[in-house]
Amino acid sequence: MIPHYFLYEEAAPEVEPSFLHIEPIPVRSGRHNWTIRTHTHPDHHQILVISKGGGAIEVEGVSWEVAPPSLIIIPALTIHAIRFKAGTDGYVITVAPPFLQSALDDDADLVDGFRVPTRFLPQQIGRDIDLVGLFASLEHEFVWSAPRPPHSHQGLSATARRGRAPAAGTGAGPPDLQRPRGQHGDPLS
């Protein structure tokens, strides 16, 4: 049986609709020898930014190699496991779907971006946005025990919009989003 967690290896009866948690990758992964075993989060999405190190993420049985900078979206109920290289750095945002929808101003296209696991490769992220700085700002502004600051939605919205914005100078969206595929090559849903 695949375990369901609130945060990795932490159980909780239910997630508040306004829940958002952010922490540096080493905080939890370092405690677990850089290995996060197979699990799922039934009530929230995760967004990871890898700024140093890397590793492999298994998403619905498909392995993705990740190298910095990478942005990974893991929707609620997605079965996943992570094997980070020792010393990997970056951030993990864990967010309740209602809060995410509110942060994205109910933009249907952006909200849809959280329905399928997605990996943005370094060449897709580009140099025009500082994801690590954005996540660090969110961590500074959004502390577990503190009330949500009025502008905390902006950083989360900017992160999501980055994944949907046209590539610089092309007029097209990001090329070849890496989504897990079934045995016949079709996207998993």
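Every number in this text was worked out from the coordinates using simple rules, so none of it is lab data. Small disclaimer: the values here were computed from a predicted structure and weren't measured. With ideal geometry, Cβ positions are generated from the backbone for all residues, glycine too; neighbour counts draw on all protein chains shown.
Going by average Cβ density within 10 Å per residue, which order do the peptides 42-50, 26-34 take, highest to lowest?
Highest-to-lowest ranking by the protection proxy: 42-50, 26-34.
Which whole-angstrom value gives the distance between the alpha carbon centres of segment 17-53 and segment 59-124?
10 Å
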